[in-house]
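Student: Supplied in structure tokens, the structure appears directly below.
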Amino acid sequence: AFDVLVVGGGPAGAAAAVYAARKGIRTGIAAERFGGQVNDTMAIENFISVLETDGPKFAMGLDAHVKAYGVDVMNLQRGEKLIPPSTPGGLVEVQLANGGTLKSKTVILSTGARWRNVNVPGEQEYKNKGVAYCPHCDGPLFKGKRVAVIGGGNSGVEAAIDLAGIVAHVTLIEFGDALRADAVLVNKLKSLPNVVIHTQAQTTELTGDGSKLNGLTYTDRASGQSHHIELEGVFVQIGLVPNTEWLKGVVELSKHGEIVVDAKGQTSVPGVFAAGDATTVPFKQIIIAAGDGAKAALAAFDHLIRN
Ligand code: FAD
């Protein structure tokens, strides 16, 4: 059995594995796709001390760091079921999609999250070529350009306010009759001179020239008319979904499906910790996920020496 078994191999899981292994304890990491979301990222410019890198390079760095400490890396392995210890201080079990079972004294859940897609033509083709999901990450890449934000909930309206301070012009596209964000945010957005809001607008296509995005087509659901807007960027803000479906009913989740953790990353199950985008910790970023992973590993170690 492992002392620490990490499930999920993104920045949170990799940091947790390095911190655990540096304590000289048996550490394993099972990941559906080692590297996580950074595999799909082009420019990373906000990981402190690294002025600029790209996702694949960052993921290679995670891999090298984890392997340097002899962590047992089980890539392409998906956790399907978590079984809490049957007796206090007993082993936690993780059942894998391949039929195998891993046992460990402590488990760190770091299965991350995925952005909900609009699923219209052009979205996949122009991902990272104008189609973006994270305003904190990619906002500065659109300095002085025109962008749209799809989604009028809190995250969409926050993104539009944030982007309006960086880019030349923001068009907010909301499918419903009204914005769903908090009134204070909506009022702030409406006060900005370089923002236009379209409600009852259904995005039908993200257009491009074959190499990069150049516009967005939407249907005005009131009139039925189709409109095209020329722009350089689109931020899709219709939800970030935690990869926690497999934990439902076992580990306490928030109403958004995030794993509920305390300040040390402890979940509702003793000996089970969590870190990164899969948790209730706010602001989903690489540096935050990595810091959380380190914290969860230290908390797991603390748990081990007390039990
Ligand atoms: P993830 O990176 O999501 O990793 C989750 C891991 O768990 C993966 O290995 C996955 O395969 C695995 N997994 C999932 N389910 C299971 C399961 N059931 N069993 C086993 N393994 C499982 N942040 C920044 O700070 N700067 C940026 O510039 C930036 N740009 C971004 C650009 C894009 C396009 C995207 C999508 C995100 C970007 N982010 C950026 C956000 C950043 O990537 C995330 O905050 C960060 O990766 C979260 O790390 P994590 O380890 O919590 O989760």
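The values are calculated or read from the model by the stated rules, or taken from the named source; none is laboratory data. Model, not experiment: these values are computed from the prediction. Please note: Cβ atoms are built from the backbone with ideal geometry, for glycine as well, and neighbour counts cover all protein chains shown.
Student: When segment 156-191 is examined, which residues are found to be of a type in the set (S, T, N, Q) and under 22 Å from S223 (Cβ atoms)? Quick ask: steps written out before the conclusion?
Tutor: Keep residues of segment 156-191 that are of a type in the set (S, T, N, Q), which gives 171, 187, 191.
The answer is T171, and nothing else.
Student: Counting only residues that are closer than 13 Å to D63 by Cβ and of a type in the set (G, A, S), which one in segment 1-14 is surrounded by the most Cβ atoms within 10 Å (Cβ to Cβ)?
Tutor: Looking at the filtered set, the residue picked out is G13.
Student: Every residue in segment 31-55 that is in a strand (DSSP E or B) and within 16 Å of A113 (Cα to Cα), please.
Tutor: A31, the sole residue that qualifies.
Student: So P140 clears everything in (1) surrounded by 15 or more Cβ atoms within 10 Å (Cβ to Cβ); (2) within 15 Å of the ligand (Cβ to nearest atom) except one condition, right? Which one?
Tutor: Going through the list (1) surrounded by 15 or more Cβ atoms within 10 Å (Cβ to Cβ); (2) within 15 Å of the ligand (Cβ to nearest atom), P140 breaks only (1).
Student: Can you say whether T279 is within 12 Å of the ligand (Cβ to nearest atom), crowded, with 21+ Cβ neighbours inside 10 Å, at pLDDT 95 or above and closer than 21 Å to E80 by Cα, as far as the supplied structure shows?
Tutor: Yes, satisfied.
Student: Restricted to segment 16-58, and to residues that are at positive phi and surrounded by 22 or more Cβ atoms within 10 Å (Cβ to Cβ), which residue is nearest to the chain's Cα centre (by Cα)?
Tutor: The extreme case among them is G36.
Student: Among what's in segment 232-250 and is in contact (Cβ under 8 Å) with a residue 40 or more places away in the chain and farther than 30 Å from I161 by Cβ, pick the residue that is surrounded by the most Cβ atoms within 10 Å (Cβ to Cβ).
Tutor: L247
Student: Can we say V131 is over 21 Å from the mean Cα position of the chain (by Cα), within 16 Å of the ligand (Cβ to nearest atom), under 25 Å from Q285 (Cα atoms) and surrounded by 18 or more Cβ atoms within 10 Å (Cβ to Cβ)?
Tutor: no
Student: Taking into account only those residues within segment 251-275 that are buried (at least 17 other Cβ atoms within 10 Å of the Cβ), among the aliphatic types (A, V, I, L, M) and free of Cβ contacts under 8 Å to residues at least 40 places away in the same chain, which is nearest to the ligand (Cβ to nearest atom)?
Tutor: Per the criteria, the residue is V261.
Student: Oh, and also: Only residues that are within 25 Å of L253 (Cβ to Cβ) and part of a strand (DSSP E or B): list them for segment 58-81, please.
Tutor: As a first pass, look at segment 58-81 and keep what is within 25 Å of L253 (Cβ to Cβ): 74, 77-81.
Listed by number, the residues that qualify are M74, G79, E80, K81.
Student: Take the residues in segment 94-121 that are under 22 Å from the mean Cα position of the chain (by Cα) and not hydrophobic (A, V, I, L, M, F, W, C); name whichever of them is surrounded by the most Cβ atoms within 10 Å (Cβ to Cβ).
Tutor: S110
Student: Against the condition of a type in the set (G, A, S), surrounded by 15 or more Cβ atoms within 10 Å (Cβ to Cβ), within 14 Å of the ligand (Cβ to nearest atom) and in a loop (DSSP other than H, G, I, E, B), how does G293 come out, does it pass? Full working, then the answer.
Tutor: Details: of a type in the set (G, A, S): yes; surrounded by 15 or more Cβ atoms within 10 Å (Cβ to Cβ): yes; within 14 Å of the ligand (Cβ to nearest atom): yes; in a loop (DSSP other than H, G, I, E, B): no.
For G293, the condition - of a type in the set (G, A, S), surrounded by 15 or more Cβ atoms within 10 Å (Cβ to Cβ), within 14 Å of the ligand (Cβ to nearest atom) and in a loop (DSSP other than H, G, I, E, B) - is not met.
Student: Just to check your reading of the model, which residue among I238, I229 is away from the ligand (no atom under 11 Å from the Cβ), in a loop (DSSP other than H, G, I, E, B) and closer than 30 Å to L179 by Cα?
Tutor: I238
Student: Which pairs turn up if I take residues in segment 276-301 that are more than 17 Å from V107 (Cβ to Cβ) and of a type in the set (F, W, Y) and look for partners that are in a helix (DSSP H, G or I) and within 11 Å of the ligand (Cβ to nearest atom) with beta carbon separation below 8 Å, at least 6 apart in sequence or on another chain?
Tutor: Taking only residues 6 or more apart or on different chains, the pairs are F283/H136.
Student: Any residue in segment 119-131 that is at positive phi sitting within a Cβ distance under 9 Å of a residue that is in a loop (DSSP other than H, G, I, E, B)? List the pairs, counting only those 6 or more apart or interchain.
Tutor: If the second residue must be in a loop (DSSP other than H, G, I, E, B), the pairs left are N128/T41; N128/M42; G130/K212; G130/L231; G130/E232.
Student: If you don't mind, another one. When only residues in segment 196-231 that are closer than 18 Å to D138 by Cβ and surrounded by fewer than 19 Cβ atoms within 10 Å (Cβ to Cβ) count, which is nearest to the chain's Cα centre (by Cα)?
Tutor: The residue in question is K212.
Student: Are any residues in segment 80-110 near the ligand (Cβ under 10 Å from one of its atoms) and closer than 15 Å to A17 by Cβ, and if so, which ones?
Tutor: V94, L109, S110
Student: Just the residues that are in a strand (DSSP E or B) and either over 23 Å from E45 (Cβ atoms) or in contact with a Lys or Arg (Cβ under 7 Å, 6 or more places away or on another chain) (or both), please, taken from segment 149-173.
Tutor: I150, H169, T171, L172, I173
Student: With at pLDDT 95 or above and in contact with a strand residue (DSSP E or B) (Cβ under 8 Å, 6 or more places away or on another chain) as the only criterion, which of G176, G153, G208 stands out?
Tutor: Working: G176 fails: in contact with a strand residue (DSSP E or B) (Cβ under 8 Å, 6 or more places away or on another chain); G153 fails: in contact with a strand residue (DSSP E or B) (Cβ under 8 Å, 6 or more places away or on another chain).
Only one candidate passes the filter, namely G208.
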